[in-house]
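Quick notes on the structure that follows.
The values are calculated or read from the model by the stated rules, or taken from the named source; none is laboratory data. In this text the structure is predicted, and so the values were computed from the model without any measurement. Every residue, glycine as well, gets a Cβ built from its backbone with ideal geometry; the counts of neighbours run over all protein chains shown. The area values use the complete protein model at the heavy-atom level, side chains included, leaving out ligands, DNA and RNA. Shrake-Rupley method; radii C 1.70, N 1.55, O 1.52, S 1.80 Å.
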Amino acid sequence: TRPVRLSVQLYPYGGGRKLLLSRDVTAVEQAEAMRRDFVANVSHEIRTPLTVLSGFVETLQTLELEPLERDSYLDLMAQQGRRMQSLVDDLLTLSKLEGSPSPGVDVWSSVLTLMRQLAQDAHSLTRVINIDGKALHDLKFECLFQGEIAGVAAELHSAMGNLVSNAIRYTPPGGQIWVSFKRLPGGQATFEVLDSGAGIAPEHLPRLTERFYRVDRSRSRETGGTGLGLAIVKHVAQRHGGYLTVESRLGKGSSFRITFPAERLREAAY
Ligand code: ADP
């Protein structure tokens with residue numbers, strides 16, 4: 001049984017009688033609480049890099065620093081700027097997704113092109129992460145369905161790219177990441193990202209797609225995470241008639257899958 005919140009009002013009803021009106025405001029109050037939480041979270045997420053940034057500005061203004069030291073401060077400031085930029089980009093993406101109707105089945109994108117773009121992005125991302133010369137991730141991309149998918153290519157690319165970049169960010173260098181797109185016997189298709197990384201304990205799984213929910217806050221921040229990636233993935237999947245599933249074992253790795261319905265797929269019209 002869920003707690004119910006009632007709003008009760010008494011109105012004069014003639015002859016000294018009163019009319020009692022009660023309304024179930026549970027949903028309204030829940031929506032309001034979620035909105036408040038969201039605003040508090042966004043403010044906190046913006047305030048942290050902003051505080052760091054102003055601290056560095058003050059240091060640069062007050063201290064005479066060696067050029068090398070000054071450059072390293074400037075690098076850290078640029079990093080905080082990028083963090084705010086990604087946060088605002090992700091917030092705008094989410095609000096655009098929420099405010100626009102689901103894409104129909106009139107625009108088709110090549111799955112192979114999407115997979116090629118993802119592979120290119122992933123290779124440049126691992127190079128950035130492994131700038132200190134550590135072994136690159138073992139990345140494998142397999143496109144077993146070479147037809148087309150109905151939907152907005154930019155949205156699909158951003159959702160799939162989020163899963164790939166998460167796999168890279170939460171898998172130590174040297175780990176394996178397998179990305180595949182394949183058709184299932186029933187006609188549906190799955191895009192899967194499998195990694196041999198940190199894994200996620202079962203109690204966290206149900207909350208992963210909540211905005212700003214992170215299992216390891218510092219790891220997420222360190223690698224440039226906004227905490228909004230999986231919320232975006234879930235949204236895009238749903239807008240395309242699909243859904244996101246996660247399987248994971250702590251210390252072993254994770255598998256994130258988007259399943260698309262058969263009516264969103266067609267063989268290439270060569
Ligand atoms: P973030 O920007 O923090 O990565 P996401 O919404 O993309 O935000 O993911 C939410 C959380 O889920 C992450 O903070 C991380 O704890 C966990 N997570 C996501 N992908 C993986 C993965 N491949 N392996 C381990 N943990 C993951």
Largest-first principal axis extents of the Cα set of region 1-153 (Å) | 86, 60, 30
Rough spin-label spacing in nm, given labels placed 7 Å along Cα→Cβ, for D71 and T48 = 2.9
With 0.36 nm assigned to each residue of separation and the Cα-Cα distance removed, T245 to R36 gains 72.4 nm
Pop out the ³J(HN,Hα) list for region 17-27 in order, Karplus 6.51 cos²θ - 1.76 cosθ + 1.60 with θ = phi - 60°, rounded to Hz; leave Gly and Pro as x.
-> 7, 10, 9, 9, 10, 10, 10, 7, 10, 3, 5
What is the mean projected area of the alpha carbon convex hull for region 138-270, to one decimal in square nanometres?
-> 8.3
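Under 14 Å from the Cβ of A189, count the other residues' Cβ atoms, weight Lys and Arg +1, Asp and Glu -1, and hand me the total.
Cβ neighbours under 14 Å give a net charge of 0.
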On each of the three principal axes the extent of the alpha-carbon atoms of region 29-84, given in whole Å and largest first, is 55, 19, 8
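Just the number, please: carbon plus sulfur as a percent of the accessible area of the chain, 1.4 Å probe, no ligands or DNA/RNA counted. Walk me through the numbers before you get to the answer.
Details: 8970 of 16140 Å².
C and S atoms contribute 56 percent here.
Where only protein heavy atoms count, and the probe is 1.4 Å, what is the accessible area per residue for the chain in Å²?
Numbers: 16140 Å² over 270 residues.
Result: 60 Å² per residue.
Can you give the Kirkwood hydrodynamic radius for the chain, in Å, rounded to one decimal and based on Cα pairs? All intermediate terms of the calculation are to be shown ahead of the outcome.
Details: mean 1/r = 0.0463 Å⁻¹.
Every distinct Cα pair counted, the radius reaches 21.6 Å.
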Excluding residues fewer than 8 positions from K140 in its own chain, the lysines with Cα under 30 Å of it are K182, K234, K252
Using 7 Å Cα-to-Cβ label points, what is the L63/Q176 separation (nm, one decimal)?
-> 4.7
What dipole magnitude, in Debye to the nearest 20, does region 32-151 give about its Cα centre under +1 on Lys/Arg Cβ and -1 on Asp/Glu Cβ?
-> 200
Ignoring ligands and nucleic acids, what accessible area does R257 show with a 1.4 Å probe (Å², nearest 10)?
-> 70
Given backbone amide H placed at 1.01 Å from N, residues whose amide H is under 5 Å from that of V215, ignoring those fewer than 5 places away on the same chain, are none
Sequence order, region 93-109: Karplus ³J(HN,Hα) from phi using 6.51 cos²θ - 1.76 cosθ + 1.60, θ = phi - 60°, Hz rounded, Gly and Pro as x, gives 4, 4, 6, 5, 4, 6, x, 10, x, 4, x, x, 9, 9, 10, 10, 10
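Multiplying the sequence separation of K96 and L205 by 0.36 nm and subtracting their Cα-Cα distance, what value in nm do you get?
36.7 nm
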